[in-house]
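Report on the following structure.
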Amino acid sequence: MPTPETKEKTLLIVDDSILIIERLSGMLKEVKAVHNLFTADSYNAAVKIIRDKKPEIVLLDIQLPGKNGLELLKFIVKEYPAIKVIMITNQVSEYYQRLCKKEGAVGFIDKSKDFDQIPKMVGDL
């Protein structure tokens, strides 16, 4: 049973790479605060899960097939402002970092070097 300060969270991983989804899922299953974990590989799949499951946290890649992660970030912030979005990407330029924060992301992770920070970041939200 979680204590009041460790509220269980529902989390959604949105990435088109099955390897990234598997790696993140394995890492996040170790985070005590994560109660439910869902995955999506596209904008449309993510929107359906967000509407049905209402996750508290979304880990979101910028590069997705069809509509990209920035469009999904805008949708989430507009329609579900209580959801916290952490961008996980290889697009790590200052431009993307500023743009994602301006659009409402609470965090920005470089997949190529900061991957191991994700569980702590999720646990701290």
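The values are calculated or read from the model by the stated rules, or taken from the named source; none is laboratory data. None of the values given here were measured: they were computed from a predicted structure. Because the Cβ atoms are built from the backbone with ideal geometry, glycine has one as well, and the counts that use them run over all protein chains shown.
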message: Just checking, does region 5-28 include any residue being touching a residue at least 60 places away in the same chain (Cβ under 8 Å), among the small types (Gly, Ala, Ser), under 21 Å from Met121 (Cα atoms) and surrounded by 14 or more Cβ atoms within 10 Å (Cβ to Cβ)?
response: no
- request: Hey, can you tell me all the residues within region 94-113 that are farther than 17 Å from Lys74 by Cβ, at pLDDT 85 or above and over 14 Å from the mean Cα position of the chain (by Cα)?
  value: Glu94, Lys113
query: Applying the selection to region 63-82, what residues are buried (at least 20 other Cβ atoms within 10 Å of the Cβ) and in a loop (DSSP other than H, G, I, E, B)?
result: Leu64
- prompt: Hey, any hits in region 91-102 for a residue that's more than 19 Å from Leu19 (Cβ to Cβ) and surrounded by 20 or more Cβ atoms within 10 Å (Cβ to Cβ)?
  reply: yes
- prompt: What are the residues in region 101-125 that are among the aromatic types (Phe, Trp, Tyr) and part of a strand (DSSP E or B), if any?
  reply: Phe108
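Rundown of residues vs (1) more than 15 Å from Ile118 (Cβ to Cβ); (2) modelled with pLDDT of 90 or more; (3) out of contact with any Ser or Thr (no Cβ under 6 Å at 6 or more places or on another chain), yes/no style:
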{"site": "Pro4", "(1), (2), (3)": "yes, no, yes"}
{"site": "Ile49", "(1), (2), (3)": "yes, yes, yes"}
{"site": "Asn68", "(1), (2), (3)": "yes, yes, yes"}
{"site": "Lys78", "(1), (2), (3)": "yes, yes, yes"}
{"site": "Pro81", "(1), (2), (3)": "yes, yes, yes"}
{"site": "Lys84", "(1), (2), (3)": "no, yes, yes"}
{"site": "Met87", "(1), (2), (3)": "no, yes, yes"}
query: Can you spot a residue in region 46-60 that is touching a residue at least 12 places away in the same chain (Cβ under 8 Å), in contact with a strand residue (DSSP E or B) (Cβ under 6 Å, 6 or more places away or on another chain), more than 21 Å from Gly123 (Cβ to Cβ) and not β-branched (Val, Ile, Thr)?
result: yes
